[in-house]
Amino acid sequence: MTAAHGSHGRVDVLVNNAGVMPLSTLDKLRVVDWNRMIHVNLRGTLLGIAAVLPLMGETGGHIVNVASTAGLRVDPTAAVYCATKFGVRALSEGLRQENTNVRVTIVSPGFTHSELAGQGGDPETQAAARAASEQLGIPASAIADAIAYAVSQPAAVDVNEIVVRPTAQT
C-alpha cells in the first residue's frame with residue numbers, strides 16, 4: 001500500500017479479499033483451523049483496512065471487502081467460517097457508517113471456482129465442498145465484474161452490498 005501511495009500519491013481502491021475455509025463440524029474441535037480462519041478471514045480484513053485507511057485520508061477512496069454468502073446464513077460444517085464472514089459484514093457496515101469520504105462495499109460470492117474449498121478442514125467435509133464448488137461454481141471473473149461495477153459508480157454513489165451466486169445455488 002505504501003509503495004502504491006508513494007508512487008501515485010494516493011490509494012483509490014482496496015479489494016480486501018482474505019479467505020480460508022477449512023470446514024468441519026464443531027465437535028471435531030479443529031481449533032487450529034478455527035484460529036486460522038479467524039486470523040485470515042477476520043483479522044486479515046482488519047489489517048487491510050488498517051493499511052489503507054490512513055492513506056485514503058481526506059481524499060477518500062473505496063474499500064471492497066469480500067465476504068461470502070456464508071456470511072448471510074449458517075450451515076452445518078461451516079459455523080466458524082460463517083462467523084468470520086458475518087464478522088466481515090459487520091466490520092464493513094461499521095466502517096461505512098464511520099466514514100463519509102470512503103465508500104465501502106461488501107461482495108458476497110456464492111460457490112465460485114477457486115482454491116478455497118481445497119484447503120484443510122475435515123477431509124470428508126472438504127470433499128463435499130469441492131464437489132459442490134466444481135458442480136455449481138461460477139467463474140471468478142463474475143466476482144471481478146461485480147467489484148468493477150461497484151467501484152465504477154460516481155463518487156456520490158456507494159454500492160453497499162452485492163451478492164453474487166450461481167443460478168443453481170439454493
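A compact table of results
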quantity	calculated
Filtered residue count, the stretch 116-126, keeping only those that are surrounded by 16 or more Cβ atoms within 10 Å (Cβ to Cβ) and either touching an Asp or Glu at 6+ places or on another chain (Cβ under 8 Å) or outside any loop (DSSP other than H, G, I, E, B) (or both)	6
Neighbours by Cβ (under 6 Å, 6+ apart or cross-chain): first from the stretch 68-80, within 19 Å of Thr45 (Cβ to Cβ); second open to solvent by 30 Å² or more (accessible area, probe 1.4 Å)	Thr69/Arg165; Gly71/Phe86; Gly71/Arg89; Ala79/Leu26; Val80/Trp34
Test: residue in the stretch 3-11 that is under 18 Å from the mean Cα position of the chain (by Cα) and open to solvent by 10 Å² or more (accessible area, probe 1.4 Å)	no
Extreme residue, nearest to Thr69 (Cα to Cα), among residues of the stretch 134-153 that are modelled with pLDDT under 95 and more than 17 Å from the chain's Cα centre (by Cα)	Leu136
Criterion (touching a residue at least 60 places away in the same chain (Cβ under 8 Å), farther than 19 Å from Gly48 by Cα and either assigned to a helix (DSSP H, G or I) or open to solvent by 60 Å² or more (accessible area, probe 1.4 Å) (or both)) met by exactly one of Ala146, Ala156, Ala129	Ala129
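Let's see how each residue does on (1) in contact with a strand residue (DSSP E or B) (Cβ under 6 Å, 6 or more places away or on another chain); (2) assigned to a helix (DSSP H, G or I):
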{"position": "Val52", "(1), (2)": "yes, yes"}
{"position": "Asn65", "(1), (2)": "yes, no"}
{"position": "Pro76", "(1), (2)": "no, no"}
{"position": "Ser92", "(1), (2)": "yes, yes"}
{"position": "Ser114", "(1), (2)": "no, no"}
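The values are calculated or read from the model by the stated rules, or taken from the named source; none is laboratory data. Not measured: the values here are computed from a predicted model. Cβ: placed from backbone, ideal geometry, glycine included. Neighbour counts: every protein chain shown. Calculation scope for accessible area: heavy atoms of the full protein, side chains included, ligands and nucleic acids excluded. Shrake-Rupley method; radii C 1.70, N 1.55, O 1.52, S 1.80 Å.
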